[in-house]
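Have a look at the structure below, then the notes.
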Amino acid sequence: MRLPPPLVARRWLLLVLALWSLAAGAAGPGRAAIATAHPAATAAGLEVLEQGGNAFDAAVAISAALAVVEPFSSGLGGGGFWLLYRASDDRTVMVDGRERAPLAATPTLYLDADGQFDARRSQDGPLAAAIPGQPAALVHLARHYGRLPLATSLKPAIRLAREGFAVGPRYALMAGYRFPALLASPEARRIFLAAGIAPLPDWTLRQRDLADTLQTLADHGHEGFYDGAVARRLVEGVRAAGGIWTQEDLASYQVIEREPITSTYRGMRVTSASPPSSGGVVLTEALNILAGVDLSAMSPATRIHWITEAMRRAYADRARYLGDPDSVSMPLTRLLDPAYGAQLRQSIDPLLATPSVPLEANDPLKPSLDRHTTHFSVIDAEGNRVAATLSINTPFGSGFVAPGTGVVLNNEMDDFAAAPGQANAYGLVGGSANAIAPGKRPLSSMTPTFLEQGDRLAILGTPGGSRIISMVLLASLAFADSADASAMVALPRYHHQYLPDILFFEAKAFDSETVKRLTALGHRVERVSRDYGDMQAVTWNRRTGELSAASDPRGEGQARLQLQARRPASEAASAP
Ligand code: DON
């Protein structure tokens, strides 16, 4: 059949496009995989991929959707770290969208008249809120890495906010937990509570103001949030309720592209978050300590002892040295040096726990609700990757919503060391490196991570406050031992963070014999009341084509693979 010339040209174009996408797909799995903490966010990611978007567009859609469906975890009023890998130029970068202290913040902001730390002030209400980074990060991702307009990638979130969705048990739990803070903010009360009480599962949450704010961001980009009507409402609302934000705080906020922390553990390449997150540094230090011992040859209790002692030492350095790289100088070269890891290894007694000193002035970790903050992992057909951990800090952040914005403000100021040795919401202590200063970013534990071992690749991360890093460490060790995404997210967990000097464990992590042995080795062992974390992982084997995505069985998330494959591949997706 003869075709008219325009159709012939179109056929050629389609052929060229098909060949190009096959060639591009050769570097990637040929189809996408996504794991997020909520099915609607996973669906939002797939929706923009189907519209021709890449992993970075999907990351914008997922981040925005999570802001709507998990308003207790992350959102436009918070920040996070987006770890990116771009296949076309083999570029790895971390987009730092961490919140910044307001310019009027002072080191004594959360001390009362007697100089005592007042956790209510650093956790509840607008005084606890740092300047959000997520809106700027989404604009940055769309502009510099995405293929689709920001407005297209924000569409699913705007729809979810406007039309509403049925909340799950987790929402009900978090709203109940943060009930007093939500009640204290008339806007938060109106939006997130049902006639003044914590809603039950299946209640429909509609967020019209948030839909409008997202639409303004879609229409006007960065200025849509940091300038103009939204910025004005934010600053007026915050100041009227006792906060210290100014227009200048918002106008001067910028995301920063940073080099991730990279290291090698027994042949496995590790790429993770750099300061102002402590994640990559603590993870690398722990792995450097462990690289010189054969964990696979040890009994379970001995193995746990070694890993715990590695965690203890790495978290101790977190408390001593780490903070915002733009405000403090840190001995990173030394901390990340495998020789330093070897030195720390030599300080470990194989038969005895090393006490953490000093022990005073530290509350044990409070009972933690640990599935606020959120993580997602994405790979697209071409092999572009995103690991992103996003937060407004504790559930529903500060609990404060500025009138007319629909945006829940974070309480990330509590991630600073409000006073030397003073434990924060996660029991973490710190010193001057993480002291409050105007415009400074509080030290984070968020650890979005890529692992590469031979042909195998993993994209992972989780919420969980201070426990994030130990969860990623355990999952990384499991991946090095050939675990796939499902095994990594399901792994029983344990945690030590130097102070408090307690080895916390999930019920399934230690049997009674192991508890006995660890106690005999000098560890103070304590079972957590509830399992913790909400890990989202994707693994891919370039050689076999096996692609796997998994969402933590402890959470309500969902992992999915894109249906259409460009080339045959064996795959497995698991989602609880
Ligand atoms: O940046 C941090 O380290 C904390 N704001 C993260 C908080 C968190 O993961 C809470 N999750 N359970």
With a 1.4 Å probe and all protein chains left in place, how much accessible area per residue does the stretch 474-526 have, in Å²? 38
As an exercise, find the ratio Rg/Rh for the stretch 171-326 from alpha-carbon atoms, using the Kirkwood inverse-distance average for Rh. 1.13
Value of Rg/Rh across the stretch 155-217 [Cα atoms, Kirkwood radius]: 0.99
When the Cα centres of the stretch 149-166 and the stretch 205-243 are compared, how far apart do they sit, in Å? 16
Looking at the calculated P(r) for the stretch 209-254, what percent of the C-alpha pair distances fall above 18 Å? 26
Take the alpha carbon atoms of the stretch 24-86, find their center, do the same for the stretch 408-445, and report the distance between the two centers in whole angstrom. 28
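Rounding to the nearest 20 debye, state how big the charge dipole of the chain is about its Cα centre with +1 on each Lys and Arg Cβ and -1 on each Asp and Glu Cβ. Show your work: numbers first, answer last.
Details: 54 positive and 56 negative charges, 235 e Å.
That gives a dipole near 1120 debye.
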Rounded to two decimals, what is the ratio between the C-alpha radius of gyration of the stretch 408-462 and 2.2 N^0.38 Å? 1.54
28 Å Cα cut-off, lysine pairs counted over the chain (separation 8 or more, or different chains): 4
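Take peptides 261-267, 385-391 and line them up by average Cβ neighbours within 10 Å, highest first, as a rough protection proxy. All intermediate terms of the calculation are to be shown ahead of the outcome.
Numbers: 261-267: 17.3, 385-391: 30.3.
Those peptides, ordered most packed to least, come out 385-391, 261-267.
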P(r) for the stretch 95-153: what percent of alpha-carbon pairs falls in each 10 Å bin, starting at zero? 20, 34, 22, 17, 7, 1
Of the residues 486, 171, 562, the Cα lying farthest along the dipole of the chain towards its positive end, which is defined by charges on the beta carbon of Lys, Arg, Asp and Glu, belongs to 562
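Working out 0.36 nm times the residue gap between residue 346 and residue 166, then minus their Cα-Cα distance, what length gain in nm do you get to one decimal? Walk me through the numbers before you get to the answer.
Numbers: separation 180, 0.36 × 180 = 64.80 nm, distance 5.38 nm.
Extending this stretch completely gives an extra 59.4 nm.
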Rounded to whole Hz, the Karplus (6.51, -1.76, 1.60) HN-Hα couplings of the stretch 540-551, x for glycine and proline: 8, 10, 4, 6, 8, x, 5, 10, 9, 10, 8, 10
Rg and Dmax of the stretch 403-516 over Cα atoms: what are they, in angstrom? 17.5, 57
Largest-first principal axis extents of the Cα set of the stretch 27-140 (Å): 62, 30, 19
Cα-based Rg / Dmax (Å) for the stretch 449-576: 16.4, 56
May I ask for the Kirkwood hydrodynamic radius of the chain, worked out over all distinct Cα pairs and given in angstroms to one decimal? 23.8
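The values are calculated or read from the model by the stated rules, or taken from the named source; none is laboratory data. Owing to the predicted nature of the structure, the values given are computational and were not obtained by experimental measurement. Note that we place each Cβ from the backbone using ideal geometry, even for glycine, and neighbour counts take in every protein chain shown. Remember, those area values only see protein heavy atoms, side chains included, never the ligands or the DNA or RNA. Shrake-Rupley method; radii C 1.70, N 1.55, O 1.52, S 1.80 Å.
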